[in-house]
Amino acid sequence: MTENTPPQGQGQRRRRRRRRGSGHAQNNAQNKQSPDKQGSGKQDSGDKNPNKHRKRNNQRGNQRNNQRNNQRGSKRGGKQSGKNYYRRPNSSTSGAKRTYTPVHNMETRDETSAGGLVVSGMAEAVRKDGSVNLARIYVALIGRIDRRGRLLWSMPKGHVEPGEDKWATSRREVWEETGIVGEPFEELGVIDYWFVSDGVRIHKTVHHNLLRYVDGVLNNDDPEVTEVAWVPISELIEYLAYADERKLARIAIDRMPDLALAERDAGRVTPR
């Protein structure tokens with residue numbers, strides 16, 4: 001009996017295999033139902049659905065994934081901090097923490113320009129009773145064609161060169177763009193705005209002055225200028241295409257009566 005008795009471990013393995021086999025057989029027998037039970041879709045109270053816990057775990061996993069995606073989306077969209085962010089690609093694959101960089105992290109540059117309005121006929125516009133006829137006072141404007149093919153009128157102006165003051169820039173730019181020689185005598189106002197050019201954010205400041213007509217004839221020799229014209233100052237607001245320059249035009253119109261009277265009292269006559 002000792003020789004025919006198998007080792008203890010092998011006997012246990014065989015008995016386990018028999019138990020497993022018997023269990024599978026019982027389950028297969030229970031799963032086989034009669035046609036009437038299969039059609040009813042009902043199960044016995046003792047049967048357990050093996051997919052029940054799997055579905056529940058899948059639902060919980062989906063909920064966790066949705067919560068994580070919502071949290072990541074809110075961080076990427078910048079809804080919490082109120083800023084726009086983009087994700088920087090992470091070169092390492094060791095699970096390092098992701099970093100976010102502001103979109104507005106762009107190079108910034110300051111630029112300064114100067115220009116203004118050349119005024120003609122101020123002293124001649126004063127009537128005998130002391131009132132001023134604004135329709136007799138003229139200013140020089142330049143016109144450029146935009147990308148849509150529209151002719152936009154604006155005040156002549158340009159960049160301030162190194163070592164050049166704003167008065168000299170106004171005199172030079174007016175002459176280059178209109179062909180008129182003017183003498184600056186009054187500050188009109190300052191405009192500043194932002195724009196992007198070649199990936200650089202530029203803060204531009206433009207100083208506008210009033211210039212007294214001295215000499216010259218209108219011409220459009222400047223390649224950047226399409227047309228030039230003398231415009232009555234009473235119609236200046238209607239001509240200008242940009243809102244910030246229209247604000248300066250209102251200031252010029254409000255000051256013009258006093259300036260015209262000062263020109264007459266000083267005995268200055270517009271050259272013809």
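Select from region 126-149 the residues that are farther than 17 Å from Leu210 by Cα, under 34 Å from the mean Cα position of the chain (by Cα) and touching a residue at least 24 places away in the same chain (Cβ under 8 Å) and list them in ascending order. Residues satisfying the conditions are Gly143, Arg144, Ile145. Of the residues Val269, Val181, Val206, the single one that is assigned to a strand (DSSP E or B), in contact with an Asp or Glu (Cβ under 8 Å, 6 or more places away or on another chain), over 27 Å from Gly149 (Cα atoms) and of a type in the set (Val, Ile, Thr) is Val181. Has region 239-252 got at least one residue that is touching a Phe, Trp or Tyr at 6+ places or on another chain (Cβ under 8 Å), crowded, with 19+ Cβ neighbours inside 10 Å and assigned by TED's automatic domain parsing to the domain that holds Ala135? The answer is yes, given that some residue of region 239-252 is touching a Phe, Trp or Tyr at 6+ places or on another chain (Cβ under 8 Å), crowded, with 19+ Cβ neighbours inside 10 Å and assigned by TED's automatic domain parsing to the domain that holds Ala135. Tallying residues that are out of contact with any Leu (no Cβ under 6 Å at 6 or more places or on another chain) and touching a residue at least 60 places away in the same chain (Cβ under 8 Å) within region 197-215 yields 12.
Just to be sure, is Leu218 of a type in the set (A, V, I, L, M), assigned to a loop (DSSP other than H, G, I, E, B), surrounded by 13 or more Cβ atoms within 10 Å (Cβ to Cβ) and touching a residue at least 60 places away in the same chain (Cβ under 8 Å)? Spelling it out, Leu218 is indeed of a type in the set (A, V, I, L, M), assigned to a loop (DSSP other than H, G, I, E, B), surrounded by 13 or more Cβ atoms within 10 Å (Cβ to Cβ) and touching a residue at least 60 places away in the same chain (Cβ under 8 Å).
Against the list (1) assigned to a loop (DSSP other than H, G, I, E, B); (2) under 17 Å from Val225 (Cβ atoms); (3) of a type outside the set (Gly, Ala, Ser), the condition Val174 fails is (1).
The values are calculated or read from the model by the stated rules, or taken from the named source; none is laboratory data. Not measured: the values here are computed from a predicted model. Note that we place each Cβ from the backbone using ideal geometry, even for glycine, and neighbour counts take in every protein chain shown.
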